[in-house]
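*Asks:* Here you go, one structure.
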């Protein structure tokens with residue numbers, strides 16, 4: 001089976017301007033021996049609210065951390081970043 005988590009209001013800070021960046025995150029994974037608790041994941045994602053990093057770095061950091069902790073059989077993360085400056089970024 002595949003577990004899916006969505007975070008439609010993910011927020012981080014632009015490391016250049018300090019302005020907030022918003023994304024819709026979709027995390028799909030096939031569990032190995034471990035499952036992520038939804039509340040723990042929510043708190044982890046919320047910790048990025050005051051974290052300054054580029055879109056790609058945030059998305060990949062979340063994926064790497066989940067792989068490190070959960071050792072899933074499969075993991076896919078989509079970061080659909082809302083445009084700020086005219087160009088949306090999908091990671």
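*Asks:* Kindly indicate which of 67, 91 is farther than 17 Å from residue 1 by Cβ, in contact with a helix residue (DSSP H, G or I) (Cβ under 8 Å, 6 or more places away or on another chain) and either surrounded by fewer than 16 Cβ atoms within 10 Å (Cβ to Cβ) or modelled with pLDDT under 95 (or both). Please lay out each step first, then the result.
*Replies:* On the way: 67 fails: in contact with a helix residue (DSSP H, G or I) (Cβ under 8 Å, 6 or more places away or on another chain).
Only one candidate passes the filter, namely 91.
*Asks:* Quick one: in the range 1-33, which of the residues that are over 19 Å from residue 90 (Cβ atoms) and surrounded by 10 or more Cβ atoms within 10 Å (Cβ to Cβ) is nearest to the chain's Cα centre (by Cα)?
*Replies:* The selected residue is 13.
*Asks:* Of the numbered conditions (1) part of a loop (DSSP other than H, G, I, E, B); (2) in contact with a strand residue (DSSP E or B) (Cβ under 8 Å, 6 or more places away or on another chain), residue 78 fails exactly one; give the number of that condition.
*Replies:* Residue 78 satisfies every listed condition except (1).
So that you can scan it fast, the table gives a plain yes or no per residue for (1) over 12 Å from the mean Cα position of the chain (by Cα); (2) outside any helix (DSSP H, G or I); (3) surrounded by 15 or more Cβ atoms within 10 Å (Cβ to Cβ):
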site: 36; (1), (2), (3): yes, yes, yes
site: 47; (1), (2), (3): no, no, no
site: 59; (1), (2), (3): no, no, yes
site: 62; (1), (2), (3): no, no, yes
site: 83; (1), (2), (3): yes, yes, no
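*Asks:* Within the range 1-34, can you find the residues that are outside any strand (DSSP E or B) and closer than 17 Å to residue 65 by Cα?
*Replies:* Here is the first cut: in the range 1-34, the ones outside any strand (DSSP E or B) are 1-2, 14-19, 31-34.
If the condition is that a residue be outside any strand (DSSP E or B) and closer than 17 Å to residue 65 by Cα, then 31, 32, 33, 34 are the ones that fit.
The values are calculated or read from the model by the stated rules, or taken from the named source; none is laboratory data. None of these values were measured; they are calculated from a predicted model. A quick note on method: Cβ atoms are made from the backbone with ideal geometry, for glycine too, and the neighbour counts reach across all protein chains shown.
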